[in-house]
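What follows is one structure encoded as structure tokens, with my remarks underneath.
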Amino acid sequence: MTSESQRRRVFWQILLFAAGLVVLTAISAGSVYLVNKARDDSKWVVHTIEAENQINALLLEVRRAESSARGFLLTQKPDFQSDHEKAVAAIVPALDKLTRQIGDNPAQRDSIEKLSAAIETRLDQFSREMNFVKQGQPDMATALVREASGGDITTTIGNLANAMIREEERLFRVRSANSDQSQTLAASLTGIGSGLVVVLALISIWLMQRSARLRDEAEARLRDANVNLETIVDERTADLREANDEIQRFAYIVSHDLRSPLVNIMGFTSELEELGGDIFRRVSSLTHIPADGPPLVPGSTGEFALDGPDQQLSADFSEALGFIKSSIAKMDRLISAILNLTREGRREFQPEKINTRDFVETIVSTLAHQAVEAQAEIHIEALPNIVSDRLALEQIFSNLIDNAIKYLKSGIPGEIRIRGRTKLGYAIFEISDNGRGIDAKDHQRIFDLFRRAGTQDKPGQGIGLAHVRALVRRLGGTMSVSSELNAGSTFTITLPIAWNATKRNADK
Amino acid sequence: MTQPVNIIMIEDDEGHARLIERNIRRSGVNNEIISFANGTEAMKHLFGADGSGIAQKGNALLILLDLNLPDMSGIDILKQIKENKYLKASPVVVLTTTDDSQEIKRCYELGCNVYITKPVNYENFANAIRQLGLFFSVIQVPPAAP
């Protein structure tokens, strides 16, 4: 999985979340607004109904006043009179209330003014009628009633009131519709918003599932890759081990088989040498027939005299054989060295606890003779104890100390120091001398097989350090050198404090 | 002990065979030396056509054996000699270039009487062979089991 696609997914998730938040906020705001509006609308609807009621109540009071006035006119009973007075008293407040209630509507304001005027006129007529009746002139009152009904005031009042009711009913319809609309809107908004949120949530879940699936797939791939990697590493390790074993076997067989013809070469060279001796003795006996004695018996030992050219021949012969023999001897040493190296490479190491100081002291005591000869003093400082292979460690230390003694500067008392310390589970040993030192360009070369550095005035095959480094590596450590020409050398070995052979042996 | 001891030399390298023979002779041993350059022929001679070893019944033998043979391992030959009732009493001298301690140990375990590593240094080689000659002269080679 690339980081690009991962970034994109994170971006989409954040976007979705933000969108969900925005939608929720919008829905909340819209809902609050619409609910408020719906409440307003409902209030207006209620107001309209109240106004209509008030109109009806007013009309009722007017009718009551009228009917009670007529009753009084016909019967002159005081009951009707008091009823009429109550009705008239209720009319004015009712009218006032109605005026207040519908004051917001200009159309209704006109109507109410007209209604007020009509009602006032009618009230005036009522009071005159009542006065005529009280004064005992019912005829006048009856005429007045006739006149009133003729003037159609009552009708006018009824018409006006009806018009107003119609207007209120229209308003009621309009306001009800408004209210319905607001509520529908609020419901729709909530519905759509909820839908959106659900959709966003679904998308989010889908994205999360996809991401989880991708992650699982990636994990599976990683697991596979790890398993593959382990298999590959195992295979490679096995291959390497096989190749290494092969090289060891090869080196062993080759050095072995090289030895066989070498035995012949050396053997017959020696035979040849003897033959040469015989031949030249013979030549000598033939050319030098001594005057004062018997000729030399061929094959007899002892000096034999030869003339100039014959002597030269004999010398050349011996020289040639000498070179052949020294070369064979050298070759034999090299082959032995290779054999020893392969043998070391095949040896199983046995880690054991080593008291390093005692151990190094023992090694130094075996080299004491050489040290005295080279006028060298060896100082052993405190050394950390380690768990390692005793034999390998012995070869490492004796090689290095031997080298230090061997390559001292002649004429200067040698001083060799063996120091030790620990660091992070490793023991670090330093073997330093004040000897001839090694040129920086040779620092790598001295660890190569059959390679040496500096003045070649000491015997050696160039094997020691190669061998030491191979051993150190097999013990799980490293080694290095720091040195300057004529300023001494320090060889540093880093070895694990508790080396565990099981891993390596298990690998085998 | 009137019967002369025959020396059987199994050595594939002619040069080695010659050097060994010469040095044996120089040490004054004059017994007959029968050489074989490969294992198969030597086995045929030792064990006979039927492979039972009865052909050598009653013969006194001393066997010089090289371990690196072209057709078979000297160790196998040693093992078979020491497992054969007619031959097991014959002394076997292993003479080879191998100086691996494991190999030497193995040979002695199988019953080899002397193990000599052929040194490249001829002086040592000649000495070893001459001492072997000395060894031949003092050793009582028993006749193979009757």
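Figures for the structure shown
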{"quantity": "Residue in segment A:33-42 that is at pLDDT 85 or above, among the aliphatic types (A, V, I, L, M) and exposed (fewer than 13 other Cβ atoms within 10 Å of the Cβ) present", "calculated": "no"}
{"quantity": "Residue in segment A:282-289 that is within 14 Å of chain B (Cβ to nearest Cβ), in a helix (DSSP H, G or I) and exposed (fewer than 15 other Cβ atoms within 10 Å of the Cβ) present", "calculated": "no"}
{"quantity": "Top-ranked residue of segment B:4-32 - restricted to ones that are in contact with a helix residue (DSSP H, G or I) (Cβ under 8 Å, 6 or more places away or on another chain) and free of Cβ contacts under 8 Å to residues at least 24 places away in the same chain, ranked as nearest to the other protein chains (Cβ to nearest Cβ)", "calculated": "B:GLY15"}
{"quantity": "Residue match in segment B:33-42 (condition: out of contact with any Gly (no Cβ under 9 Å at 6 or more places or on another chain), within 30 Å of A:VAL254 (Cβ to Cβ) and within 14 Å of chain A (Cβ to nearest Cβ))", "calculated": "yes"}
{"quantity": "Filtered residue count, segment A:254-269, keeping only those that are of a type in the set (S, T, N, Q) and without any contact (Cβ under 8 Å) to a residue 24 or more places away in the chain", "calculated": "2"}
{"quantity": "Index of the failed condition, A:GLU373 passing every other in (1) within 14 Å of chain B (Cβ to nearest Cβ); (2) over 20 Å from A:GLY464 (Cα atoms)", "calculated": "(1)"}
{"quantity": "Residue list for segment A:78-125, filter: basic (Lys, Arg) and touching a helix residue (DSSP H, G or I) at 6+ places or on another chain (Cβ under 7 Å)", "calculated": "A:LYS97, A:LYS114, A:ARG122"}
{"quantity": "Check on A:PHE172, more than 30 Å from A:ALA69 (Cα to Cα) and touching an Asp or Glu at 6+ places or on another chain (Cβ under 8 Å)", "calculated": "yes"}
{"quantity": "Number of the exception - B:GLY51 against (1) on the phi > 0 side of the Ramachandran plot; (2) within 14 Å of chain A (Cβ to nearest Cβ)", "calculated": "(2)"}
{"quantity": "Among (1) in a helix (DSSP H, G or I); (2) touching a Cys at 6+ places or on another chain (Cβ under 6 Å); (3) not aromatic (Phe, Trp, Tyr) - the single one B:VAL94 does not satisfy", "calculated": "(1)"}
{"quantity": "Subset of segment B:101-125 (residues that are facing another protein chain (nearest Cβ under 9 Å), under 17 Å from the mean Cα position of the chain (by Cα) and either surrounded by fewer than 20 Cβ atoms within 10 Å (Cβ to Cβ) or in a loop (DSSP other than H, G, I, E, B) (or both))", "calculated": "B:LYS118"}
{"quantity": "Answer from A:ILE324, A:ILE396, A:ILE363 - the residue that is assigned to a helix (DSSP H, G or I) and either in contact with a Cys (Cβ under 6 Å, 6 or more places away or on another chain) or within 14 Å of chain B (Cβ to nearest Cβ) (or both)", "calculated": "A:ILE324"}
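The values are calculated or read from the model by the stated rules, or taken from the named source; none is laboratory data. Since the structure is predicted, the reported quantities are computational estimates derived from the model, not experimental observations. Positions of Cβ are backbone-derived with ideal geometry, glycine not excepted, and every protein chain shown enters the neighbour counts.
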